[in-house]
Amino acid sequence: MNETMSSSQVKETTRKYTYGTWRRQKGWNPLHLVDAEGCYFTDADGKKYLDFSAQLMCVTLGHKNQAVIHAIEEQARKLAYVGPGWATEVRAELSEQLVQVLPRGLEKFFFTTSGTEANEAAFKIARMVTGKTKIISRYRSYHGSTMGSIAATGDPRRWAMEPAGKIPGVIFAPEVNCYKCPLLHTYPQCGIACVEYIEHMIANESDVAAVIVEPVVGTNGVLIPPKEYMPRLRQICDQNDVLLIADEVMSGWCRTGKWFAMDHWAVSPDILTTAKGITNAAVPLGLCATTGKIASYFDDHFFSHGHTYEAHPLTLAPAVASIKEMKRLNLNARAVEMGAYLGKKLNPLKERHPSIGEVRGIGMFWAVELVKNQKAKTPFNTFKDKIAGAPLVVDKVAAKMMGNGVYIQAWMSHFVIAPPLIVTEKELDQGVAALDEALAIADQDIER
Ligand SMILES: Cc1ncc(COP(=O)(O)O)c(C=O)c1O
């Protein structure tokens, strides 16, 4: 770093020359961070913050994991870059590791540098293999920022690209949300109408290539499907010759207490995409994994896809190290055990705070959803408020928590709590205590 720059110059120069993502630029005042270790990061004034959401739900092993750092250093010295047309030891080693941990049948890999690009690859592959066009996605979803992946994104980050600035051919199904069902049903009497509706869509459309789902929806609220959902969706896809794409960019890598969320229902998708935790977010890497059956299509057909940085050696080495670390630290068991502890601490908050609508979670992946009216389940803020840059109640609560040294991801009217999986009980207590205190702000704003 330029040592003559003061902290306020760093902030001002960052703000002046670079974009703050997914927001109006006015009012963006980024904090200057200088260090991060374990479950904490530090600002330029030396203040430490508990990372209660592992940044963007991605620093699964905690900051400064030494094995990951070492792998990057070693690979940089050995072979920092060669093009994707060559065989490399690290590419072979990572492939062997992936076959061991991915859902059964996923055995051919395309490496990208983000979750967005992994989904772009998935859509292109699905379209090339099936010869069909349409992709069914769901409203409460995020699949990435490029023209294809934003077209498949259900949440309002898509709106700025409507209608012309996105790829055609994506249609939306209702999300699975048993707290606030978009079809106004109640589980289990509903007969899982939301998944049955996808079959209705396929029957009434033509040309459907694939259905894409986040098996546990991430940013849009940690929505966990009932146990019947994924097996039935698998069946619907099979019966209709439609591919099933599982977007595990956020839900993968032990976050839910399994290697991948699909493992909870023993369902294998045709294509699985992931990124984030695959390298502990230390370098940008995404993965589009397909079955051997899909891969075999390209034996005699042109695989019309690629990037200069596909299978970039420097991105693959920390993935090998991360997977080994996840095994060594037994992170699936840890996510289950510590996630249960977190749930025990979060659930009682609902009794104390009239602004909490629901607390839900799986493994170390939790959401606290706020409402201004518990009975009507009315959120404090809407998508429109977010896009308009209105002050959101969740942002006010999150700001108060930052003041108290705890960072949390806030979105629309809920929080996503997903700390590094190495988090201790004491650190979880610190995070929950800060949330408990800050929720007084939301409690004041409920409808009376
Ligand atoms: C489920 C899901 N899919 C795709 C993406 C896009 O990944 P990236 O930001 O690495 O492009 C994200 C990012 O948050 C995500 O949560």
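The values are calculated or read from the model by the stated rules, or taken from the named source; none is laboratory data. Note that the coordinates shown come from a computational prediction; the quantities given were computed from them, not determined experimentally. Positions of Cβ are backbone-derived with ideal geometry, glycine not excepted, and every protein chain shown enters the neighbour counts. Protein only, heavy atoms only, side chains kept; ligands, DNA and RNA dropped before computing areas. Shrake-Rupley method; radii C 1.70, N 1.55, O 1.52, S 1.80 Å.
Observations
- A helix-only calculation puts the chain at -11000 deg cm²/dmol for mean residue ellipticity at 222 nm, using -39500 (n - 2.57) for each DSSP H run of at least four residues, averaged over all residues.
- The chain: C-alpha pair distances exceeding 44 Å, %: 9 percent
- When the chain is treated as a Gaussian network with alpha carbon springs shorter than 10 Å, the biggest mean-square fluctuation among E107, E120, E337 belongs to E337.
- Mean projection of the Cα convex hull over all viewing directions, computed for the range 208-304: 7.3 nm².
- All-pairs alpha carbon distance profile, the range 319-414, 5 Å steps from 0, percent: 3, 12, 16, 19, 18, 12, 9, 7, 4, 0
- Measuring between their Cα centroids, the range 93-151 and the range 342-384 lie 31 Å from each other.
- This model, with +1 at the C-beta of Lys and Arg and -1 at the C-beta of Asp and Glu, gives the range 293-448 a dipole about its Cα centre of some 300 debye.
- Relative to the globular-protein estimate of 2.2 N^0.38 Å, the Cα radius of gyration of the range 85-143 stands at 1.36.
- Taking every Cα-Cα distance in the range 255-310 and sorting them into 10 Å bins from zero, the calculated P(r) comes out as 18, 41, 31, 9 percent.
- Protein accessible area in the chain, 1.4 Å probe - carbon and sulfur %: 53 percent
- The residues of the chain present an accessible area of 44 Å² per residue when probed at 1.4 Å with all protein chains retained.
- Charge dipole (the chain, unit charges on Cβ, about Cα centre) - positive-most of F383, I441, I408: I441
- For the residue pairs K16/K386; K180/K345; K276/K350; K180/K350, the C-alpha atoms sit more than 28 angstrom apart in K276/K350.
- Averaging the sequence gap over all C-alpha pairs within less than 8 Å and six or more residues apart, then dividing by the number of residues, gives the range 306-364 a relative contact order of 32 percent.
- Along the range 139-152 the Karplus relation, 6.51 cos²θ - 1.76 cosθ + 1.60 evaluated at θ = phi - 60°, assigns HN-Hα couplings of 5, 7, 7, 9, 10, x, 10, 7, 4, x, 6, 6, 4, 8 Hz to successive residues, with x for each Gly and Pro.
- Extension gain, A433 back to S8 (0.36 nm per residue minus Cα-Cα distance, nm): 149.9 nm
- Relative packing of 375-382, 427-434, 311-318, 300-307, which averages over residues the other C-beta atoms within 10 Å, highest first: 311-318, 427-434, 375-382, 300-307
- Charged neighbours of Y309, selected by a Cβ distance under 15 Å, balance to -2 (K, R count +1; D, E count -1).
- Among the listed pairs K11/K166; K108/K324; K372/K400; K108/K258, a Cα-Cα separation exceeding 29 Å is found for K11/K166.
- Percent antiparallel among DSSP beta bridges (both partners in the chain, rounded to 5): 65 percent
- Spin-label model, Q189/E74: points 7 Å from Cα along the beta carbon direction are separated by 5.9 nm.
- Amide H partners (placed H, <5 Å) of S114, local residues excluded: G286
- The loop-placed trypsin sites (Lys or Arg not before Pro) in the range 31-79, going by DSSP, that have at most 14 neighbouring Cβ atoms within 10 Å of their Cβ come out as K47, K64.
- Phi-based couplings in Hz for the range 55-64 (Karplus 6.51, -1.76, 1.60; Gly and Pro marked x): 6, 9, 6, 9, 8, 5, 8, x, 5, 6
- Straight-distance crosslink candidates among aspartates and glutamates, where the alpha carbon sits under 13 Å from K375 and sequence neighbours closer than 8 are dropped: E358, E447
- Counting only aspartates and glutamates at least 8 places from K396 when in the same chain, those with an alpha carbon closer than 15 Å to its own are E369, D385, D436, E437, D443, D445.
- Expressed per residue, the C-alpha convex hull volume of the range 136-197 stands at 78 Å³.
- The orientation-averaged projected area of the convex hull spanned by the Cα atoms of the range 37-129 comes to 8.8 nm².
- For S145, solvent-accessible area (1.4 Å; no DNA, RNA or ligand), Å²: 60 Å²
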